[in-house]
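Structure, as structure tokens:
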Amino acid sequence: MGMDVYGNDGSTFRATIWSWRAIVYAMELAGYEVPGDWHCNNGAGLQTQEACDDLAETLESFLTIWDDQSLTFETETIRVDSHGCFVEPGTPGSRSPYRVDREHLQEFVAFLKDCHGFEIH
């Protein structure tokens, strides 16, 4: 399962449910007020290129201060092992499955710069 983000210009940005949550987390860390309905694929999004440019700018600023190659949204309730298999919370060496790498986040920023608005499906 994933999140397909359809641009008003016909473009598409795809993210797994695991990476999308980390992308939303990056928006939150950057100070962007993420609408609650962006956590599901019900068609919510932004309507104008100006709004997309604002989000892209916010994420670009975040990327200038974020040095890591990946970002993890930490949760103690859903955990995976080093192979990505679900394990019980508290399992030694487990981690959160909600991760996005820097390159994928940069791809989302590039999408935002030209999409003319978007809907999440």
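The values are calculated or read from the model by the stated rules, or taken from the named source; none is laboratory data. Here the structure is a predicted model, which is why all the values come from computation and not from measurement. All Cβ positions, even for glycine, are placed from backbone atoms using ideal geometry, and neighbour counts span all protein chains on display. Each accessible area value is taken on the protein alone, full model and side chains, heavy atoms only, with ligands, DNA and RNA left out. Shrake-Rupley method; radii C 1.70, N 1.55, O 1.52, S 1.80 Å.
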Notebook entry, point to check: For region 66-80, does any single residue satisfy the condition of being farther than 13 Å from Val5 by Cβ, open to solvent by 80 Å² or more (accessible area, probe 1.4 Å) and of a type in the set (Lys, Arg)?
Noted result: no
Note to self: Any residue in region 93-107 that is under 15 Å from Trp18 (Cα atoms) sitting within a Cβ distance under 6 Å of a residue that is in a strand (DSSP E or B)? List the pairs, counting only those 6 or more apart or interchain.
What the structure shows: Ser96/Thr72; Pro97/Val80; Arg99/Ser70; Arg99/Thr72; Val100/Leu71; Asp101/Ser70
Next item on the list: Could you look through region 24-48, keep only residues that are open to solvent by 30 Å² or more (accessible area, probe 1.4 Å) and of a type in the set (Phe, Trp, Tyr), and pick out the one that is farthest from the chain's Cα centre (by Cα)?
Entry: Tyr32
Margin query: What are the pairs with Cβ atoms under 8 angstrom where one residue, in region 7-23, is in contact (Cβ under 8 Å) with a residue 40 or more places away in the chain and closer than 18 Å to His116 by Cβ and the other, located anywhere, is basic (Lys, Arg) and buried (at least 16 other Cβ atoms within 10 Å of the Cβ)? Sequence gap at least six, or different chains.
Written below: none
Margin query: Just the residues that are touching a strand residue (DSSP E or B) at 6+ places or on another chain (Cβ under 8 Å), part of a helix (DSSP H, G or I) and open to solvent by 80 Å² or more (accessible area, probe 1.4 Å), please, taken from region 94-110.
Written below: Glu107
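Tally time: how many residues in region 50-65 are open to solvent by 40 Å² or more (accessible area, probe 1.4 Å), in contact (Cβ under 8 Å) with a residue 12 or more places away in the chain and either of a type outside the set (Asp, Glu) or assigned to a loop (DSSP other than H, G, I, E, B) (or both)? Working first, answer last.
Filtering region 50-65 for residues open to solvent by 40 Å² or more (accessible area, probe 1.4 Å) gives 50, 53-54, 57, 60-61, 64-65.
Now narrow it down to the ones that are in contact (Cβ under 8 Å) with a residue 12 or more places away in the chain: 53, 60-61.
Still in the list and also either of a type outside the set (Asp, Glu) or assigned to a loop (DSSP other than H, G, I, E, B) (or both): 61.
Matching residues across region 50-65 total 1.
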Notebook entry, point to check: Which residues, taken from region 54-110, are within 23 Å of Arg14 (Cα to Cα), among the β-branched types (Val, Ile, Thr) and at pLDDT below 90?
Noted result: Thr72, Thr75, Ile78, Val80
Margin query: If Glu88 satisfies all but one of (1) over 19 Å from Leu112 (Cα atoms); (2) open to solvent by less than 60 Å² (accessible area, probe 1.4 Å); (3) of a type outside the set (Val, Ile, Thr), what's the number of the condition it fails?
Written below: (2)
